[in-house]
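Undergrad: Next up is a structure, given as structure tokens.
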Amino acid sequence: MKYYSTNKKAPLASLQEAVTKGLASDKGLYMPEKIKQLPDSFFEKMKDMSFQEIAYVVADAFFGEDMEADMLKTIVYDTLNFDTPVVHVKNNIYSLELFHGPTLAFKDVGARFMARTLGYFIKKQGLTDINVLVATSGDTGSAVANGFLGVPGVQVFVLYPKGKVSPIQECQFTTLGQNITALEIDGTFDDCQALVKAAFMDEELNQKMQLTSANSINVARFLPQAFYYFYAYAQLAKQGIIEDNRPGSKDNVVFCVPSGNFGNITAGLFGKRMGLPVKRFIAANNKNDIFLKYLQTKEYTPRPSVATLANAMDVGDPSNFVRILDLYNHNHDAISKDISGYRYLDEDIRSTLKKCYEETGYLLDPHGACGYQALVDELKPDETGVFLETAHPAKFLETVESIIGEKVEIPQKLQAFMQGKKQSFELTKDFGGFKAFLLAK
Ligand SMILES: *Cc1c(COP(=O)(O)O)cnc(C)c1O
């Protein structure tokens with residue numbers, strides 16, 4: 001399968017090129033040329049299939065032409081060594097818990113898949129070392145670092161703002177060692193991102209080192225996120241919550257996705273194109289409501305992000321927005337028909353988290369709280385709502401404990417990170433110093 005650029009000014013790329021480059025040469029995002037419709041027989045069987053089996057069928061539709069079947073299967077099965085259960089919360093509202101992976105956030109799925117795919121191409125093609133640069137405000141760095149840990153031929157550099165990442169998040173990418181280097185930048189998250197961008201633009205650096213990015217612009221990180229929409233649907237059918245999971249079904253399933261860069265929700269939109277009978281999607285935003293404004297005004301106006309309690313959604317110019325535009329041929333009406341938008345301020349996040357916990361006993365994280373509340377506000381009685389619970393509440397310990405006024409239990413996996421020894425290099429936000437550091441590696 002070939003990949004085209006959303007800017008349409010770059011040559012078509014193979015999967016290998018799309019994965020190793022990340023961004024197309026015209027700065028567009030890669031899109032698969034075809035989105036295959038899955039057969040009715042798959043939807044009929046889906047409820048009796050495992051997560052791994054379902055994911056392999058979806059992965060095969062995208063990557064099957066470019067990888068041997070047994071290799072792709074190994075990658076899918078290795079990636080998904082944890083479950084993503086659908087859990088009832090209240091009335092017709094369900095949580096799709098995506099936080100059972102190694103770093104307790106949904107990004108584990110895409111990061112683990114991308115790491116294995118890149119490792120496969122490096123081995124197969126005998127490529128020289130590939131350097132993954134990733135700027136993080138918390139969750140991306142941990143998922144990418146853990147996903148790529150120990151993958152031969154890959155060096156990962158995680159740039160994070162000194163003193164601005166919670167200790168729990170920091171330990172998940174600073175204690176690993178091996179091929180993971182943590183760079184503590186004296187600056188903000190935007191400074192970290194600017195350093196990564198400058199590195200991709202620097203001619204000398206790109207001549208001497210092969211650089212790529214591991215954020216959701218990368219197709220190998222972005223597309224695998226479709227897997228769990230299918231599996232969620234299968235679980236609803238298996239639990240008898242919906243009756244029919246074939247295309248054309250009248251079950252009215254609505255997915256609500258707490259969104260920042262819009263990679264997660266876009267993968268769901270791809271799932272719908274493949275035949276998954278989703279009635280519609282809701283994009284839940286925090287105060288950074290650029291997408292909601294686009295729905296309301298037809299104008300897309302990026303602006304600097306503002307800090308909120310749901311900090312992984314603090315994005316002022318969602319990178320995957322161009323993929324949504326491309327998928328819908330820039331048709332605002334068509335986009336508005338499939339996706340509605342909501343936004344929640346910090347005080348809403350606080351009251352939702354508290355109220356949901358008191359009413360139902362279900363503890364949300366600040367991102368999931370936006371998703372849950374949008375379903376409470378908008379879901380119709382004949383609809384079944386599933387929000388994506390994108391991270392475990394313990395990852396936002398201080399915030400969550402201060403809201404509910406109780407201690408939150410820290411899962412074993414997270415505690416293990418906290419016992420490791422921090423290793424990081426301190427750098428200023430000056431590009432010259434960063435470049436010299438990379439070249440000396
Ligand atoms: C990254 C992240 C999001 C936003 O996902 P996008 O794919 O960027 O829209 C939401 N919640 C959590 C916990 C995240 O880490």
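Undergrad: Give the calculated FRET efficiency between GLN415 and LEU12 to the nearest 0.05, with a Förster radius of 51 Å applied to their Cβ-Cβ distance.
TA: Between GLN415 and LEU12 the formula returns 0.60.
Undergrad: To the nearest 10 square angstrom, what accessible area does VAL315 show with a 1.4 Å probe?
TA: Its accessible surface works out to 20 Å², give or take rounding.
Undergrad: Roll a 1.4 angstrom probe over the protein heavy atoms and tell me the percent of accessible area of the chain that is carbon or sulfur.
TA: 49
Undergrad: Do any trypsin sites (Lys or Arg not before Pro) in the range 293-325 lie in a loop, going by DSSP, with at most 15 other beta-carbon atoms within 10 Å of their beta carbon, and if so which?
TA: The qualifying sites are LYS298.
Undergrad: Using only the alpha carbon atoms of the chain, find the Kirkwood hydrodynamic radius as the inverse mean reciprocal pair distance, in angstroms to one decimal.
TA: 21.9
Undergrad: Let me ask something else about it. Just by accessible area at a 1.4 angstrom probe, what is the order of ARG350, ARG116 from largest to smallest?
TA: ARG350, ARG116
Undergrad: Follow-up. How long, wide and thick is the range 329-375, going by the Cα atoms along their three principal axes, in whole angstroms, largest first?
TA: 43, 19, 12
Undergrad: Something else: At a threshold of 8 angstrom on Cα-Cα distance, excluding pairs fewer than six apart, so keeping six or more, what relative contact order does the range 1-62 reach in percent?
TA: This gives 31 percent for the range 1-62.
Undergrad: Round to a whole angstrom and tell me the spacing of the C-alpha centers of the range 363-435 and the range 3-57.
TA: Each part's Cα centre sits 28 Å from the other's.
Undergrad: Set the Förster distance to 22 Å, then compute FRET efficiency between GLN178 and LYS435 from the Cβ-Cβ distance, nearest 0.05.
TA: Efficiency, rounded to the nearest 0.05: 0.40.
Undergrad: Given charges of +1 on the Cβ of Lys and Arg and -1 on the Cβ of Asp and Glu, with all other atoms neutral, how large is the dipole of the range 190-271 about its Cα centre, in debye to the nearest 20?
TA: Using Cβ point charges on Lys, Arg, Asp and Glu, the range 190-271 gives about 360 debye.
Undergrad: Apply the a/c threshold of 1.5 to the C-alpha gyration tensor of the range 61-145 and tell me whether it is rounded, prolate or oblate.
TA: oblate
Undergrad: While we're on this one: Using helices alone, I'd like the mean residue ellipticity at 222 nm for the chain: each DSSP H run of four-plus residues gives -39500 (n - 2.57), total over residue count, nearest 500.
TA: Result for the chain, helices only: -13000 deg cm²/dmol.
Undergrad: Need one word for the range 232-371: rounded, prolate or oblate. Basis is the Cα gyration tensor (sqrt eigenvalues a ≥ b ≥ c); a/c below 1.5 gives rounded, then a/b vs b/c decides.
TA: Taking the square roots of the gyration eigenvalues as a ≥ b ≥ c, the range 232-371 is oblate.
Undergrad: Count the DSSP beta bridges whose two residues both fall in the chain, then state the antiparallel fraction as a percent rounded to the nearest 5.
TA: Just about 20 percent of them are antiparallel.
Undergrad: Need one word for the range 293-441: rounded, prolate or oblate. Basis is the Cα gyration tensor (sqrt eigenvalues a ≥ b ≥ c); a/c below 1.5 gives rounded, then a/b vs b/c decides.
TA: In terms of gyration-tensor shape, oblate.
Undergrad: Let me ask something additional. Scanning the chain for GluC sites (Glu not before Pro) in DSSP loops with at most 15 other Cβ atoms within 10 Å, what's the longest stretch left with none?
TA: Answer from the scan: 69-242.
Undergrad: Taking the Cα centre of each part, how many Å lie between the range 134-162 and the range 106-133?
TA: Each part reduced to its Cα centre gives a spacing of 12 Å.
Undergrad: How much length, in nm to one decimal, is gained on full extension between GLU299 and ASP377, taken as 0.36 nm per residue of separation minus their Cα-Cα distance?
TA: Roughly 25.6 nm would be gained on extension.
Undergrad: Heavy atoms of the protein only, probe of 1.4 Å, neighbouring chains included. What is the accessible area of LYS45 in Å², nearest 10?
TA: Spelled out: LYS45, probe radius 1.4 Å, area about 110 Å².
Undergrad: Suppose all protein chains stay in the model; what accessible area per residue would a 1.4 Å probe give for the chain, in Å²?
TA: 39
Undergrad: Any of LYS45/LYS238; LYS337/LYS380; LYS354/LYS422; LYS287/LYS355; LYS162/LYS421 with alpha carbons more than 22 Å apart? Name them for me.
TA: With Cα atoms farther than 22 Å apart: LYS354/LYS422.
Undergrad: A further question on this structure: Say each of ASP244 and ARG273 gets a label point 7 Å from the Cα, pointing the same way as Cα to Cβ; how far apart are those two points in nm?
TA: Those two pseudo-labels are separated by 2.6 nm.
Undergrad: To continue, here is another question. Can you give the FRET efficiency for ARG280 and LYS27, using 1/(1 + (r/R0)^6), R0 = 41 Å, r = Cβ-Cβ distance, to the nearest 0.05?
TA: Efficiency computed from Cβ-Cβ geometry: 0.85.
The values are calculated or read from the model by the stated rules, or taken from the named source; none is laboratory data. Small disclaimer: the values here were computed from a predicted structure and weren't measured. Virtual Cβ from ideal backbone geometry, glycine too; neighbours counted across all protein chains shown. What goes into the accessible areas is simple: the full protein's heavy atoms, side chains included, and nothing from ligands, DNA or RNA. Shrake-Rupley method; radii C 1.70, N 1.55, O 1.52, S 1.80 Å.
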